[in-house]
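Report on the following structure.
The values are calculated or read from the model by the stated rules, or taken from the named source; none is laboratory data. Note that the structure is predicted; figures quoted are calculated from it, not measured. Because the Cβ atoms are built from the backbone with ideal geometry, glycine has one as well, and the counts that use them run over all protein chains shown.
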């Protein structure tokens, strides 16, 4: 263990937050890009989803090539942070087109594959006992970052979107430098010496690993769709109750951000209780939220509705660091980084399907009922976890 071991976790958390701001900032300036470069309104959806596709392809390639297990995770993190920052920075250049912006955002997402799952790998290399708590802080910071664009919408600021993107690129590069300088290879790191293209599939032969991975996949079906449609939930409730009024961007921020604190709380609980049991309970509670959501929409109580969404915002993410902990603990040690990366790849691929499904169904069903479909993932995840809980 390095001499200043107590600083390792805060540095990883700060670095992760700085570097994944490349993702968050994009969400915050999408409409500015549309206006600045005279793009069609449909460009917002394209520019948002292409980051996801870039991340998915990046994690797939990183996993197939076992990059994180063959090379120093800290160096991989640093290199990806610098390249991702440079791609983000090119967004401010003049005369961008939809094609150039899609390319830029795709490669930004691609190199985020060397940041988000790699940060978890670095934490797993430093923490054996207490890994759930470590990842709780890590995921918690990322959740608050995810909510941040909603917070920006609460205020009318005169800050130029170009300055915002330059600032984000600087702090992302800073995050990469922090990891490189202060977080060397951890004491629990196991090195894979050679390229093994089939390494990612070896982990799935372990039933405990499969249970954790499938639980995570079920959780991901619900999570990003819930986050994506929180503003729609709030707007739908207001349209049904025109006498009521609240700030949709502010409440969107609060409902998503509160999940960050839930991650930290679940991490502390994992110190005293079985990690899989806590994950099971959180997934069960979020599943119940999906199923009872139509009844809550029928309520005319603003306090009940907002309180319910705050609770859902906590339980929908509280199990995330726990699933990552279970994946890391049950993975083949020398392929731990590859396992985390591949599970991320599959999980984020699933989010695209569920988001598109809800998006389509919202146009043909009563919005009050569509979120019951989010229970599909948790139900499958609970079945996968049940036998080993």
Picking from 352, 358, which residue would you name as being farther than 19 Å from residue 118 by Cβ and under 16 Å from the mean Cα position of the chain (by Cα)?
352
Restricting to the range 306-323, give me the number of residues that are surrounded by 22 or more Cβ atoms within 10 Å (Cβ to Cβ), in contact (Cβ under 8 Å) with a residue 60 or more places away in the chain and part of a helix (DSSP H, G or I).
9
Residue list for the range 37-53, filter: touching a residue at least 60 places away in the same chain (Cβ under 8 Å), under 18 Å from residue 87 (Cα atoms) and more than 17 Å from the chain's Cα centre (by Cα)
37
Among the helices (runs of 4 or more DSSP H) contained in the range 1-80, which hold 3 or more residues that are surrounded by fewer than 22 Cβ atoms within 10 Å (Cβ to Cβ)?
5-36, 43-64
Among the candidates 93, 101, residue that is surrounded by fewer than 18 Cβ atoms within 10 Å (Cβ to Cβ) and farther than 22 Å from residue 181 by Cβ
93
Residue ID - farthest from the chain's Cα centre (by Cα), chosen from residues in the range 150-185 that are in contact (Cβ under 8 Å) with a residue 60 or more places away in the chain and over 23 Å from residue 83 (Cβ atoms):
154
Just need a number here: residues in the range 324-338 that are closer than 16 Å to residue 128 by Cα, part of a helix (DSSP H, G or I) and either modelled with pLDDT under 90 or under 14 Å from the mean Cα position of the chain (by Cα) (or both).
6
Does at least one position in the range 357-368 carry a residue that is outside the structural domain of residue 59 (by TED's automatic domain parsing), at negative phi, free of Cβ contacts under 8 Å to residues at least 60 places away in the same chain and buried (at least 20 other Cβ atoms within 10 Å of the Cβ)?
no
Any hit, the range 325-334, residues being assigned by TED's automatic domain parsing to the domain that holds residue 367, free of Cβ contacts under 8 Å to residues at least 60 places away in the same chain and either surrounded by fewer than 22 Cβ atoms within 10 Å (Cβ to Cβ) or within 22 Å of residue 210 (Cα to Cα) (or both)
no
